[in-house]
Amino acid sequence: MRKLGGAETVQSRQSLFPIPQQRRFRSSLLAWYNRHARDLPWRASRDPYRVWLSEIMLQQTRVAAVLEHYKEFLRRFPTVQRLATAREASVLAAWSGLGYYRRARMMHAAAKVVMREHGGEFPVTAEGLLTLPGIGRYTAAAIASIAFGEPVAVVDGNVERVLQRLSGKRLAGEELWTAAGDLLDAKRSGDFNQAMMELGATVCTPRAPACLTCPVIELCATRGELAATAKSVPQRKREIHYALNHRNGDGRNGEVFLVQRARDASLMASMWELPELVSGNGTAKPLFTLRHSITVTDYTVRVWHTDALPHKDGKWTPVERIEKVALTGLARKILRKAELL
Ligand code: SF4
């Protein structure tokens, strides 16, 4: 059984942080969080379904992008039951634009397990939540502490950075979970975990920590000296081309030709996109060009009108229906730029 970061681990060994320091840290951090917590829609509820949704959406995605999608996803699937009974294509369509579609598939699978094996109720402990598809140690601890008040600590990238700077040590792996568990406020574990992440996201930021406004500066071993040591990864550059074919057909606003990615594609399987072209038309000008970044690659995306259909498989889709199609993020971006979405 996997051990989760918890306050009970403090007693039997020497902590990195002496007990009086732990107490001061908790009260300073929570007092700051009470005053400065960002007003984010998922913080208005302790419903485990909503907490789970926000935690999964926030993985590898910026808060601003999640804000756009969170409410719409809940409008379409307001309960775990509605998510469990939805078609996969509808779930992927609601996820479109957030990327990392495996997360949406796993949520869909987990919703079915919650309905089938737990009578529609989420397990109330981190260990129980860990048995659901797509829920790892971090997410299990986040849901258990925020929705059910279980005293388990979380470690994500923000918490890791705060703990390393606070202690002045390059903590790794289990050391991080232990340190987070030592500091945890067991009576307000959900708020405490969110406060740690908030501190890392808004004050103890990767490149330029705002130490002068930090609520725990008095307890910090480094006060920013460990900042910005991570090497930045150089971005690769690539040019890619897509065909945007729009014709008068069914629907008031015409139709757009879309193709579906293979079901066994390693990325964005079964999602819909515009047909990719091997190269542009050297003698003509593209309809437009836009930039798109995915992890370490910056793409220059040129979008062309083509006379011949550049792909044998695919379908003409009425513009009014596009919103309901599970589009890749880039296809959505192109269609928005073309004012077809
Ligand atoms: Fe981070 Fe600076 Fe606060 Fe230390 S004092 S925790 S380095 S923001």
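The slack between R13 and E276, meaning 0.36 nm per residue of separation minus the straight C-alpha distance, is 88.8 nm. Working from label points 7 Å from Cα in the Cα-to-Cβ sense, the L267 to V63 distance is 2.8 nm.
Binning all Cα-Cα separations of the range 136-185 at 10 Å, short to long from zero, yields these whole-percent fractions: 27, 56, 17, 0. For the range 258-341, the Kirkwood hydrodynamic radius comes to 13.9 Å, computed from all pairs of different C-alpha atoms. Express the Stokes-Einstein translational diffusion coefficient of the range 16-175 in µm² s⁻¹, to the nearest whole number, given a Kirkwood radius over alpha-carbon pairs, 4 °C and a viscosity of 1.567 mPa s. So the translational diffusion coefficient is about 76 µm²/s. Sites listed here are GluC sites (Glu not before Pro) in the range 37-146 whose DSSP assignment is loop and whose Cβ has at most 16 other Cβ atoms within 10 Å: E121.
Across T178, T297, T131, mean-square fluctuation computed from a Gaussian network of the chain (C-alpha pairs under 10 Å connected) peaks at T297.
Approximating the spin labels as points 7 Å out from Cα along Cα→Cβ, the R247-to-E175 distance works out to 6.4 nm.
For the chain, the fraction of C-alpha pairs more than 36 angstrom apart is 33%.
Here the calculated FRET efficiency for A44 and L290, from their Cβ-Cβ distance with R0 = 41 Å, stands at 0.70, rounded to the nearest 0.05. Here the contact order of the range 19-219, divided by its residue count and restricted to Cα pairs under 8 Å and six or more residues apart, works out to 23 percent. Among the listed pairs K312/K333; K237/K337; K71/K112; K112/K324; K112/K333, a Cα-Cα separation exceeding 25 Å is found for K112/K333.
Hey, if you put +1 on the Cβ of every Lys and Arg and -1 on every Asp and Glu Cβ in the chain, which of C211, L274, P286 ends up farthest toward the positive end of that dipole? The residue sitting most towards the positive pole is P286.
Pull up the cross-link candidates among the aspartates and glutamates for K187, meaning alpha carbon to alpha carbon under 12 Å and not fewer than 8 places away within one chain. Hits, sequence-local ones excluded: E150.
Since every read-out is calculated from the coordinates, none of them should be taken as a lab result. Note that the coordinates shown come from a computational prediction; the quantities given were computed from them, not determined experimentally. FYI the Cβ positions are ideal-geometry reconstructions off the backbone, even for glycines, and counts take in every protein chain you see.
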